[in-house]
Amino acid sequence: MTEKTSNQMWGGRFAAGPDAIMEAINASISYDQRMAPQDIAGSRAHAAMLAATGIVTDKDAETMREGLLTVLSEIEGGTFEFSTALEDIHMNVEARLKEIIGEPAGRLHTGRSRNDQVATDFKLWVRDQMDAAIEGIDALIRALLAQAEAGADWVMPGFTHLQTAQPVTWGHHMMAYVEMLGRDMSRFKDARARMNESPLGAAALAGTSFPIDREMTAKALGFDRPAANSLDAVSDRDFALEFLSCASICAMHLSRFAEELVIWSSAQFRFVTLSDRFSTGSSIMPQKKNPDAAELIRAKIGRIFGAHVALMMVMKGLPLAYSKDMQEDKEQVFDAADNLMLALAAMTGMVADMSANRPSLEAAAGSGFSTATDLADWLVRELNLPFRDAHHVTGALVAMAEGAGVDLPDLTLAQMQSVHGGITEAVFGVLGVHNSVASRMSYGGTAPAQVRAQVARWKEILA
């Protein structure tokens with residue numbers, strides 16, 4: 001594409017083309033070319049509408065629509081030559097369309113502006129990414145459900161402050177992440193529904209005097225309705241911010257799980273074994289098996305957080321309607337979407353392949369006086385002690401066990417009765433870790449029956 005062609009795209013207002021620095025700072029084609037399918041879909045819908053409303057002839061509209069498919073095939077085939085002189089995907093496509101079909105290409109931009117065009121393209125692209133994220137979350141949830149169902153009655157330690165707190169089940173722990181990801185899926189679906197209004201036809205900022213049919217183009221592009229205010233339509237980037245917000249919260253959940261996988265796969269824990277597909281070795285230490293996929297997920301999340309903050313900073317001071325600042329809305333969204341999908345896919349692979357070490361989980365579940373709360377609950381239930389008194393008695397028994405170098409179930413009845421005479425042999429029925437988890441039958445509790453019920457509920461939701 002020549003500089004002269006570029007000047008003609010601008011019209012007669014500018015006699016000379018921008019110098020190299022201005023061209024470099026002004027051009028977005030290096031990254032917005034990935035919106036080509038959305039740009040061409042929007043232009044094809046616009047051309048059909050122009051014909052339906054009598055603004056252009058049916059012949060010209062069909063020529064434009066067929067020419068746009070030719071452009072798309074060139075882009076998808078890798079033969080299209082993008083030009084920075086033409087700035088963006090919109091002008092690159094239109095210039096090539098003119099080379100292919102001639103004069104009718106000049107009618108395509110009737111009744112619209114690059115402002116509503118880019119808002120439409122970007123919204124379509126982000127909507128596709130929301131759909132992809134929902135599918136990715138769905139796949140990860142299914143992998144977690146398989147783990148939860150397999151280990152519904154496998155005991156493991158539950159932690160607070162990364163200290164042993166109470167026994168839980170492996171299935172219960174997996175289902176905690178299912179709930180988190182379920183909220184993530186809900187957020188993406190909610191944001192998708194809210195964003196699904198078409199900016200096309202808002203033109204530069206004030207609408208157009210041509211008798212366009214915005215309902216027609218909205219329907220053709222899968223939107224629920226046209227955006228109701230032309231100023232807002234071209235200046236809104238809430239849909240991108242909401243995508244980044246949803247992505248950031250989802251990414252945070254992935255990072256928390258990645259952190260646990262790093263800890264659990266260590267020699268000190270040995271709770272899980274990650275497959276070779278998602279681990280690497282050391283160049284110098286032959287015994288090493290590093291959880292690199294989990295660590296990279298944990299690190300990449302910062303890019304998603306940063307993208308959210310970056311776009312907030314771009315948008316925070318802009319008066320209505322469009323400002324060139326908004327050209328900086330895409331690169332960070334593209335990067336965040338790519339990294340979210342990569343993180344979801346990697347986590348799904350790790351969860352599907354990982355093996356829980358049941359003996360290590362069970363051994364750890366009974367450590368650290370994890371059934372102390374069960375003992376306190378038993379004292380309340382069976383001896384009618386106020387909970388604070390039961391807490392004090394249990395604390396004394398923990399101190400006794402710790403001093404003797406044993407766990408609570410290893411104390412004798414006589415030792416327990418030396419702290420409180422009302423304790424009976426029945427207390428040993430609640431001190432085992434399996435008894436502990438089985439007793440947690442409250443809704444949402446860790447009892448295997450509750451875990452299986454939640455697995456069934458989620459299978460029904462996903463179905």
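At-a-glance table
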| quantity | calculated |
| --- | --- |
| Sum of -39500 (n - 2.57) over DSSP H runs of 4+, divided by residues of the chain (222 nm, nearest 500) | -20000 deg cm²/dmol |
| Probe 1.4 Å, all protein chains present, accessible-area order of His253, His392, largest first | His392, His253 |
| log10 of Debye I(q)/I(0), alpha-carbon scatterers only, for segment 112-361 at 0.10, 0.12, 0.15 Å⁻¹ | -0.58, -0.75, -0.99 |
| Ordering of 229-237, 206-214 by burial proxy (mean other Cβ atoms within 10 Å per residue, highest first) | 229-237, 206-214 |
| Within segment 67-90, backbone nitrogen closer than 17 Å to the virtual label 7 Å beyond the Cα of Ala132 toward Cβ | 76 |
| Heavy atoms of Asp128 accessible to a 1.4 Å probe, total area in Å² rounded to 10 | 70 |
| FRET efficiency, 1/(1 + (r/R0)^6) with R0 25 Å, evaluated for Asp292 and Ser367 via beta carbons | 0.30 |
| Solvent-accessible area per residue for segment 315-384 (1.4 angstrom probe, square angstrom) | 41 |
| Cross-link pairs Lys189/Lys324; Lys98/Lys324; Lys123/Lys189; Lys98/Lys330 - those with Cα-Cα distance over 18 Å | Lys189/Lys324; Lys98/Lys324; Lys98/Lys330 |
| The chain - charge dipole about Cα centre, Lys and Arg +1 at Cβ, Asp and Glu -1, debye rounded to 20 | 380 |
| Separation of alpha-carbon centers, segment 367-432 and segment 172-239, rounded to whole Å | 58 |
| Solvent accessible area, Å² - Ser265, 1.4 Å probe, full protein context | 30 |
| In segment 66-100, GluC sites (Glu not before Pro) in a DSSP loop with at most 12 other beta-carbon atoms within 10 Å | Glu81 |
| Sequence of Phe334, Phe387 when ordered by accessible area, the most exposed leading, probe 1.4 angstrom | Phe387, Phe334 |
| Under 5 Å, built H, 5+ apart or other chain: amide partners of Ala152 | Gly171 |
| Carbon and sulfur %, accessible surface of the chain computed with the full protein complex present, 1.4 Å | 54 |
| Cα gyration tensor shape for segment 54-129, rounded if a/c is under 1.5, else prolate or oblate | oblate |
| Rounded accessible area per residue of segment 18-105, 1.4 Å, Å² | 44 |
| Solvent-accessible surface ranking, highest first, for Trp458, Trp154 at 1.4 angstrom | Trp154, Trp458 |
| Estimated FRET transfer efficiency when R0 is 25 angstrom, pair Phe387-Ala453 (beta carbons, to 0.05) | 0.35 |
| FRET efficiency estimate (nearest 0.05) - Cβ-Cβ, Leu231 to Ser355, R0 35 angstrom | 0.05 |
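The values are calculated or read from the model by the stated rules, or taken from the named source; none is laboratory data. Computed from a predicted model, the values in this text were never measured in an experiment. All Cβ positions, glycine included, derive from the backbone under ideal geometry; neighbour counts span all protein chains shown. Ligands, DNA and RNA are stripped out before the accessible areas are found, and what is left, the full protein with its side chains, is counted by its heavy atoms. Shrake-Rupley method; radii C 1.70, N 1.55, O 1.52, S 1.80 Å.
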